[in-house]
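Data first, discussion second: the structure below is written as structure tokens.
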Amino acid sequence: MPAVSTSPAIAQVEPMTRTRALRGPFDYRLPEQLREGVGVGSMLVVPFGRREMLGVVVGLSESSEVADERLLEPLRALELGVPAELVALARWIADEYCSTLARALTLVLPPGAAQRLGGRARRRLAPPQHPSVGRRSGAAPELTAEQSAALVPVLAALAAGSHEQRLLHGVTASGKTEVYLRAGAAAIEQGRGAIVMVPEIALTPQIVARFVERFGETVAVLHSQLTPAQRYSEWRRLREGEARVCVGPRSAVFAPIERLGLIVVDEEHEPSYKHEGDPRYDAREVAAERARRAGAVLLLGSATPRPESALRVSTSTLTRRVDGSELPQVEVLDMRGEPQGLHVRTSAALAEVRAARGKAIVLLNRRGWSNFLSCRACGHAWSCPDCDVTLVLHRAGGYLACHHCGHREAAPERCSECSSSAVARHGAGTERLAHELARTLDDGRFPVFRLDADAVAADPHEATSAILGAFEQADCGVLIGTQMVAKGHDFEDVRLAVVLDADATLRFPDFRSEERTFALLAQLAGRAGRGGEGRVLVQTIAPDARAIRLAAAHDSAGFLAGELERRRALRYPPFAELIRIVCSAPQPEPARAAARELRAGILELAPEQELLGPAPLFRLRGRERQVIVVKTTERRPAVRAVGEAVERAALARRHAGVNYGVDVGPQ
Ligand code: ADP
Ligand code: ZN
Ligand code: ZN
């Protein structure tokens, strides 16, 4: 008589499909030989209709409601599945961000899982080479008093195995990374793992290098430039416990680490932690949830924390730079009534840096040569055929580009309407500024480097490292670029930092624009004067704006206090949560009608919610858009009501070509 298995016979399988209408899970009967090895998180290849599909086991049971003869069996199991706790996390994400379980599961599957349907055993690959540091020794320095104090609650929570959230609010170069490293070491010592999230690997090679240097082989680095095979290899090292620390961008929050002890979110204010695909998850919120479930410590760090974090999370502060250097003097230059371009004091300061063979960084948050072109004869302005925005001239490439949809066309020689050759170029972006600075400053010994998305388009990761490396290696020179120049890298010998058009980000119609402006200025100011004297110049037509004034005074506590007060008064996050729903269609009228009906639908399901809109947004990628915003203090029920109303509307299909997009906690 054959032995009767005591393992569950039925696997509930969620098929990996992006079709929203197809909701699992579906029951499959596990043949005897699969019963032992298959659990929640296992990946199975299952027959589905006439196709084979990859599915994830989301539950197990003894019996099924499906008639026995109709139950199918999986074709095979893949070698490695995901940890069960990540399946649970995916379920949370689907509910929290108004998505489906299948879509949320794609976030936690091994890289390239869908393509590896074959499930062949993989050849082991050597892990990718990580950057190493020449710039220190691997030994840990003695902590400053502030660092030690910041570590106390982290170590206590780790020792107790209890969940804890801490915010490390520390000026640039105050030693935050050293605190992360110590916390990581403590987690590893306990036999637990750690996740370290950074906004963008290419812009933060130093933090990656320091983790690799301190922890060696036990670090896995996930970044977008790895080949698929390398990504899988790093994932596998984590899954098998060979690597215990994962450093990476937002997707690192899904690293398959069991017995997780610590999640670090460096530069926690960075908008790139929000994912713009479906599900539109916020990696910081996911990190908090994962840490909560794992009984792990969440450590957020920033020189300019978000009001959300400052309000909700207990804070440790690092007030001084480790090397004792002072934060640089910031001078605000009032550009009202001044000609466009560089203020005389800016020009003089740059000339001084050149004379002293020093280094400077100039930030202008606008790519291209000119913001827009117009015809001097007839007034025609060049705009995107698919979006209601003007096209930006990229002179070196000889094209006009839409920075919203990527549309390109050849740069015009004459007006397309009246054939006049008098085409005016308005405004200046980084391409033009770099050209002009090279003309005025570069005497053959004072190089000008440019860092923006165009300069690194061919290979973002490599080219960014190359440009930052060249600037670092150079004896002197100036680095000009978009906000990319203000990020995590640190150069020891930058004596001048300049921000042009500092109020540009303030003009965004967004309640976070002040926060963004403040953070950008503070980050850039932090680049100057490490290991010496530094000076910062801020050109603006809004010298009295709160964000600019307080950034100039390095007053981030003051900024946070004021910002929280303002948000409380206006009921913005963190005092309420926003859910943004965009209805779009090729024609304006269906988009408007759909939005009006959706508004009514949401109110029917959730009468007490505060709703704003519908209001028009500019046309994007050929679609007319209407937006509705729900302001709520009860996020889950509001998300549920919105999800249901959207689903009903989508199924009813009353309006031609309408799409609905839901963004919970939009950035
Ligand atoms: P942050 O992350 O706040 O920008 P870092 O951790 O990078 O700051 O520290 C800035 C510099 O000071 C780094 O070169 C780091 O190695 C060094 N450092 C950090 N903590 C100490 C310490 N306790 N003693 C000496 N040097 C330190
Ligand atoms: Zn014309
Ligand atoms: Zn466009």
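Coordinate-derived values only; no laboratory data. If you're wondering where the values come from, they're calculated on a predicted model, not measured in any experiment. Don't worry about glycine lacking a Cβ; one is built from the backbone with ideal geometry, like all the others, and counts go over all protein chains shown.
Tabulated data
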| quantity | calculated |
| --- | --- |
| Positive minus negative residues near residue 477 (Lys, Arg vs Asp, Glu; Cβ under 13 Å) | +1 |
| The range 156-303 - share of DSSP beta bridges that are antiparallel (%, nearest 5) | 5 percent |
| Candidate aspartates and glutamates for bridging to residue 487, where Cα separation is under 14 Å - those fewer than 8 sequence places away on the same chain excluded | 200, 266, 267, 268, 270, 452 |
| log₁₀ of I(q)/I(0) at q = 0.10, 0.19, 0.21 Å⁻¹ - the range 566-647, Debye sum with one point per alpha carbon | -0.25, -0.80, -0.92 |
| Pair residue 440, residue 33: separation of 7 Å Cα→Cβ label points (nm) | 7.6 nm |
| Label-point separation in nm, residue 259 to residue 510, each point 7 Å along Cα→Cβ | 4.2 nm |
| J(HN,Hα) series, the range 405-414, from Karplus relation 6.51 cos²θ - 1.76 cosθ + 1.60, nearest Hz, glycine and proline x | 10, x, 4, 10, 8, 5, 5, x, 8, 9 |
| Structure-based [θ]222 nm, the chain - -39500 (n - 2.57) summed over DSSP H runs of at least 4, per residue, nearest 500 | -9500 deg cm²/dmol |
| Calculated FRET value between residue 571 and residue 425, using beta carbons and R₀ = 35 Å, to 0.05 | 0.25 |
| Where only alpha carbons of the range 163-289 are counted, the Rg and the Dmax (Å) | 13.7, 38 |
| Directionally averaged shadow of the range 335-375, computed from the convex hull of its alpha-carbon atoms, nm² | 4.4 nm² |
| Under 5 Å, built H, 5+ apart or other chain: amide partners of residue 479 | 360, 361, 362, 449 |
| Net charge of neighbours whose Cβ lies under 12 Å from the Cβ of residue 619, counting Lys and Arg as +1 and Asp and Glu as -1 | 0 |
| Protection-proxy order for peptides 370-383, 265-278, each taking the mean of Cβ atoms within 10 Å per residue, highest first | 265-278, 370-383 |
| Centre separation in Å (Cα based) which lies between the range 220-292 and the range 429-473 | 31 Å |
| For the chain, Kirkwood radius (reciprocal of mean inverse C-alpha pair distance, Å) | 27.4 Å |
| The range 514-658 - Kirkwood radius from inverse mean 1/r over Cα pairs (Å) | 18.2 Å |
| Sum of side-chain charges, residue 328 neighbourhood, beta-carbon under 11 Å (Lys, Arg +1; Asp, Glu -1) | +2 |
| Three principal axis lengths of the range 470-537 [C-alpha, angstrom, descending] | 41, 21, 19 |
| If the convex hull is drawn through the Cα atoms of the range 1-100, its volume per residue in Å³ | 116 Å³ |
| For the range 175-181, 3J(HN,Hα) per residue [Karplus equation, 6.51 cos²θ - 1.76 cosθ + 1.60, θ = phi - 60°, Hz, x = Gly/Pro] | x, 5, 4, 4, 5, 4, 4 |
| Cα-projected label distance for residue 240 with residue 557, points at 7 Å along beta-carbon direction, nm | 5.1 nm |
| Ranked 22, 342, criterion: other C-beta atoms within 10 Å, fewest first | 22, 342 |
| Rg to Rh, two decimals, where the range 62-110 supplies the alpha carbon set and Rh follows Kirkwood | 1.09 |
| Those residues of the range 468-497 whose amide nitrogen sits under 12 Å from the label point placed on residue 357, 7 Å along Cα→Cβ | 475-477 |
| Counting DSSP beta bridges with both ends in the chain, the antiparallel % (nearest 5) | 50 percent |
| Under 27 Å from the Cα of residue 631 - lysines, other chains or at least 8 residues apart | 274 |
| Rounded FRET efficiency, nearest 0.05, which uses the C-beta distance separating residue 470 from residue 272 and R0 of 30 Å | 0.80 |
| Theoretical gain in end-to-end length, residue 457 to residue 336 [0.36 nm per residue, Cα-Cα removed] | 40.1 nm |
| Residue-wise HN-Hα coupling along the range 193-202, computed from phi with Karplus coefficients 6.51, -1.76, 1.60 (Hz; x: Gly, Pro) | x, 9, 10, 10, 9, 10, x, 8, 4, 4 |
| Computed log₁₀ I(q)/I(0) - Debye formula, equal Cα scatterers, no solvent, the range 430-589, q 0.13, 0.21 Å⁻¹ | -0.75, -1.36 |
